[in-house]
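Have a look at the structure below, then the notes.
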Amino acid sequence: MTNSLPSAVPERRPTIALLVAVSAVNPLALNIYLPSMPTLVDIFDTTAGMVQLTLSLYLAAVAIAQIGIGPLSDRHGRRPVLMWGLGIFIVGSVVCVLADTIETMLIGRVLQAAGGCAGIVLGRAIVRDLFDRSQAASMIGYVTMGLAVAPMIGPAIGGALDENFGWGTSSYLMVVLGIIVFIWAWFELHETNHNRAAAGGGLRGLVRSYGVLARSPLFVSYALTSAFTSAVFFSFLGGAPFIAAKLMNMTPSTYGLYFMMVAAGYIVGNWTSGRFSARIGIGRMINGGNIILSLAVIAIAVAFGMGHVHPMSLFGPMFVVGVGNGMSLPNAIAGAVSVRPDLAGAASGFTGSMQIGAGAITSALVGWLLTGVLWPGTIWPLVLVMAVSCCVAVASGVAARLLEAAE
């Protein structure tokens with residue numbers, strides 16, 4: 001695999017490394033604070049529920065921001081929207097550095113999320129600008145395989161920084177990395193959307209674009225598959241830090257090291273997508289990935305049901321969840337953005353919004369259930385939400401394949 005994206009279009013093209021970098025700032029900022037969440041309760045003299053909002057509001061802001069970012073890039077181009085997004089991300093990271101209350105921290109997290117998600121949306125749209133559907137699935141797989149390094153090393157870095165230099169060091173790191181990626185994109189990223197005149201503008205154009213997509217059963221099926229496949233992982237993000245700390249007495253750095261197993265599985269799954277999607281087809285890859293997800297969640301339930309309360313009982317199956325996610329997600333996204341190639345930006349934003357929105361809801365739901373609402377002091381609230389998400393993902397994936405075959 002070369003470092004540049006192959007294309008028949010005679011223009012300067014972004015490298016895979018740049019697409020990985022602009023896509024990675026958002027998930028890195030999401031994950032780097034995870035090991036510090038239990039610590040923030042005491043630092044800000046607040047409750048676990050308020051600290052949980054640093055995750056839930058982050059995901060909600062990503063979901064909402066993506067609604068506008070995709071259509072804006074269809075109208076005004078990928079490059080200017082991305083540069084504005086990275087700028088907002090840097091401002092949010094500075095606010096997190098200066099935060100002395102949980103409320104200020106939440107403002108910074110929302111700005112980080114809203115700005116940084118531009119890289120995720122536009123990384124996918126840029127790939128679709130340059131490739132047809134089958135190639136796009138493979139390229140998204142390769143890009144997200146590299147992207148998976150961010151959530152893999154994020155908790156490990158965050159846990160080490162927390163224990164050795166204090167939790168705030170993570171915010172300084174995000175400021176520096178945001179500036180580096182901004183400068184890199186400024187000099188290397190060139191416009192890939194050359195059909196801007198065809199896209200509708202303003203609020204009316206945005207509503208029209210999303211209306212067209214929402215009326216497509218095939219698009220909705222792909223988008224729901226992406227949303228609930230992701231919800232399995234985000235449910236884990238919402239509950240695992242507290243389960244690890246309270247149920248297994250894990251330190252932030254230990255949690256970060258075990259979390260690397262999850263991202264390693266995601267890398268394996270994305271490599272599988274990049275290698276085989278064009279050959280096998282996106283429908284089979286989606287359904288195969290969702291079956292693997294379901295089996296992994298069953299394995300967690302069996303292990304804890306038999307009394308094996310050990311980190312490997314959770315993180316071992318979560319490695320397999322990562323594999324299933326890596327197989328299913330790139331193909332579901334490629335399918336969604338290919339239903340209407342002329343609305344690739346809007347489709348990427350809509351899909352991403354549903355994906356992160358489902359994640360925000362499920363992560364908050366798990367956190368709420370773990371406060372004592374249902375089965376307090378156990379892993380079962382997390383297992384319940386993950387299992388329901390698996391069921392919806394499998395049903396949506398099957399529906400997408402049936403609709404594709406009918407067309």
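The values are calculated or read from the model by the stated rules, or taken from the named source; none is laboratory data. Computed from a prediction, not measured in an experiment: that's the story for all the values here. Positions of Cβ are generated from backbone atoms using ideal geometry, with glycine treated the same way; all protein chains shown enter the neighbour counts.
Annotations for the structure displayed:
- Taking the conditions (1) surrounded by fewer than 23 Cβ atoms within 10 Å (Cβ to Cβ); (2) in contact with a Ser or Thr (Cβ under 6 Å, 6 or more places away or on another chain); (3) among the hydrophobic types (A, V, I, L, M, F, W, C) in turn, Leu224 satisfies each one other than (1).
A quick yes/no check of all residues on (1) of a type outside the set (Gly, Ala, Ser); (2) in contact with a His (Cβ under 6 Å, 6 or more places away or on another chain); (3) in a helix (DSSP H, G or I); (4) closer than 22 Å to Ile32 by Cα:
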{"position": "Ser226", "(1), (2), (3), (4)": "no, no, yes, no"}
{"position": "Ala240", "(1), (2), (3), (4)": "no, no, yes, yes"}
{"position": "Ala244", "(1), (2), (3), (4)": "no, no, yes, yes"}
{"position": "Tyr255", "(1), (2), (3), (4)": "yes, no, yes, yes"}
{"position": "Met260", "(1), (2), (3), (4)": "yes, no, yes, yes"}
{"position": "Gly283", "(1), (2), (3), (4)": "no, no, yes, no"}
{"position": "Gly289", "(1), (2), (3), (4)": "no, no, yes, no"}
{"position": "Ile292", "(1), (2), (3), (4)": "yes, no, yes, no"}
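- Residue identified as assigned to a helix (DSSP H, G or I), crowded, with 21+ Cβ neighbours inside 10 Å and among the β-branched types (Val, Ile, Thr) among Val398, Val385: Val385
- Of all residues making up the stretch 299-349, the number that are in contact (Cβ under 8 Å) with a residue 60 or more places away in the chain and either charged (D, E, K, R) or closer than 18 Å to Cys391 by Cβ (or both): 10
- Among the criteria (1) modelled with pLDDT of 90 or more; (2) crowded, with 20+ Cβ neighbours inside 10 Å; (3) aliphatic (A, V, I, L, M), the one Ile282 does not fulfil is (1).
- Residues satisfying the stated conditions in the stretch 110-132, i.e. more than 22 Å from Leu72 (Cβ to Cβ) and modelled with pLDDT of 85 or more: none
- Applying the criterion of being at pLDDT 80 or above and buried (at least 22 other Cβ atoms within 10 Å of the Cβ) to the residues of the stretch 38-55, the residue that is farthest from Arg124 (Cα to Cα) is Val51.
- For the stretch 285-309, a residue qualifies if it is of a type outside the set (A, V, I, L, M, F, W, C) and within 27 Å of Pro27 (Cβ to Cβ), and the qualifying residues are Asn287, Gly288, Gly289, Asn290, Ser294.
- Thr192 vs. criteria β-branched (Val, Ile, Thr), touching a Gly at 6+ places or on another chain (Cβ under 9 Å) and either modelled with pLDDT under 90 or assigned to a loop (DSSP other than H, G, I, E, B) (or both): yes
- Residues located in the stretch 228-257, provided they are modelled with pLDDT under 85, of a type in the set (Ser, Thr, Tyr) and closer than 24 Å to Pro376 by Cβ: Thr251, Thr254, Tyr255
- Selection count, the stretch 358-384, where residues are among the β-branched types (Val, Ile, Thr) and closer than 15 Å to Leu55 by Cα: 3
Table: residues versus (1) within 16 Å of the chain's Cα centre (by Cα); (2) surrounded by fewer than 22 Cβ atoms within 10 Å (Cβ to Cβ); (3) not basic (Lys, Arg).
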position	(1), (2), (3)
Met248	no, yes, yes
Phe259	yes, no, yes
Val262	yes, no, yes
Asn325	yes, no, yes
Pro330	yes, no, yes
Ala334	yes, no, yes
Arg340	no, yes, no
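- Scanning the stretch 168-186 for any residue that is modelled with pLDDT under 75 and among the hydrophobic types (A, V, I, L, M, F, W, C) turns up nothing.
- Spans of helices (runs of 4 or more DSSP H) in the stretch 1-120 with at least 1 residues farther than 30 Å from Leu257 by Cα: 48-76, 78-98
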